[in-house]
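The values are calculated or read from the model by the stated rules, or taken from the named source; none is laboratory data. Note that this is a predicted model, so its numbers are computed, not measured. Every residue, glycine among them, receives a Cβ derived from its backbone with ideal geometry; neighbour counts consider all protein chains shown.
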Amino acid sequence: MSLDGVKLGDGWPVVADRGVWRVRRPGLWQRFRYWRLRWLVLATVLIIAAAASVLLSLASGYRPLAYGEDDMRNLSYPGLPAGHGIRSVNSFGGIRKDHYVPPQRGTFYLVVSVMNLGSRAVIVEDAFMPHSSPLRSAGRALYSRPGAGSRAIGDPRPSRVLHDVKLGPGDEIFVAIPVRSGRCAERDSWTSVPFFDVKYRFLFFHHIAALPWGMENDMLIMHEPFGKPGQGGVFCAR
């Protein structure tokens, strides 16, 4: 006696043997395609990672800012408070030039030009004095963009706050940095300010560019701020 797939032998049910199911292993060609696909994915990931690393390195080192093509006379601009007695000195045949800044009273502006010499736009965030400078920043920097024609007619004076200003390739802006100096200084001691700082960003990288005060690697020179009126060896702003 038997049932479907079951036999009765000696009073005990026995499952009929229907054969063994065998799983077919992939062939050599299939295994080769599988491993080739894995290596292609891995190689693609490595290439993308390497390219991203190179691009990030280039972006991190992208520093295109320089002093612009317009040199400001005595670092001043018509319509903005200027320092008294600032004058160009140490002019050696067009090789370099410095600016002497005597002691001042009150806030005055030092006007410079900033240009993007690179092939990509950057965002200029601010401009200010270095922390070690004897001149102190006295507020937010202002800016304007050069216009057509002569400066007196076509170029507006810096009047807008410098904050997140896009500077494209070849673009230039005028920047006015408000500063204060010591009222008195020592006659026999000197100091200098070789550069001003411009904070900018490219992509998500932030940089600070240290730029000279003119087209000829100009720097500021001044007597060391010190003392009070009436002290020996000290002179003060009138």
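Would you say residue 162 is under 16 Å from the mean Cα position of the chain (by Cα) and buried (at least 17 other Cβ atoms within 10 Å of the Cβ)? So residue 162 fits the description; yes.
Kindly indicate which of 223, 207 is buried (at least 19 other Cβ atoms within 10 Å of the Cβ) and in the same structural domain as residue 91 (by TED's automatic domain parsing).
Going through 223, 207 in turn, just one is buried (at least 19 other Cβ atoms within 10 Å of the Cβ) and in the same structural domain as residue 91 (by TED's automatic domain parsing): 223.
Scanning region 178-191 for residues that are in contact with a strand residue (DSSP E or B) (Cβ under 8 Å, 6 or more places away or on another chain) and without any contact (Cβ under 8 Å) to a residue 60 or more places away in the chain turns up 186, 187, 189, 190, 191.
Listed here are the residues, each with its yes/no results for (1) among the aliphatic types (A, V, I, L, M); (2) closer than 20 Å to residue 215 by Cα; (3) in contact with a His (Cβ under 9 Å, 6 or more places away or on another chain).
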position: 108; (1), (2), (3): no, no, yes
position: 116; (1), (2), (3): no, yes, no
position: 145; (1), (2), (3): no, yes, no
position: 155; (1), (2), (3): no, yes, no
position: 165; (1), (2), (3): yes, no, no
position: 172; (1), (2), (3): no, yes, no
position: 188; (1), (2), (3): no, no, yes
position: 192; (1), (2), (3): no, yes, no
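Looking only at residues of region 184-198 that are among the charged types (D, E, K, R) and buried (at least 16 other Cβ atoms within 10 Å of the Cβ), we find that the one that is farthest from residue 231 (Cα to Cα) is 197.
Quick one: is residue 196 within 30 Å of residue 62 (Cα to Cα) and assigned by TED's automatic domain parsing to the domain that holds residue 90?
Numbers: within 30 Å of residue 62 (Cα to Cα): yes; assigned by TED's automatic domain parsing to the domain that holds residue 90: yes.
It is true that residue 196 is within 30 Å of residue 62 (Cα to Cα) and assigned by TED's automatic domain parsing to the domain that holds residue 90.
Scanning region 76-102 for residues that are at pLDDT below 85 and at positive phi turns up 90, 93, 94.
Residue 174 falls short on exactly one of the conditions (1) surrounded by fewer than 21 Cβ atoms within 10 Å (Cβ to Cβ); (2) in contact with a Ser or Thr (Cβ under 7 Å, 6 or more places away or on another chain), and that condition is (1).
Tell me which residues, restricted to region 103-120, are of a type outside the set (Val, Ile, Thr) and either crowded, with 17+ Cβ neighbours inside 10 Å or at pLDDT below 90 (or both). The answer is 103, 104, 108, 109, 110, 113, 115, 116, 118. Any residue at all in region 121-129 that is in the same structural domain as residue 200 (by TED's automatic domain parsing), of a type outside the set (Val, Ile, Thr), under 20 Å from residue 191 (Cβ atoms) and surrounded by 14 or more Cβ atoms within 10 Å (Cβ to Cβ)? Yes, the conditions are met somewhere in region 121-129.
From the set of residues in region 35-75 that are modelled with pLDDT under 80 and assigned to a loop (DSSP other than H, G, I, E, B), which is nearest to residue 221 (Cα to Cα)? Among those that are modelled with pLDDT under 80 and assigned to a loop (DSSP other than H, G, I, E, B), it is 71.
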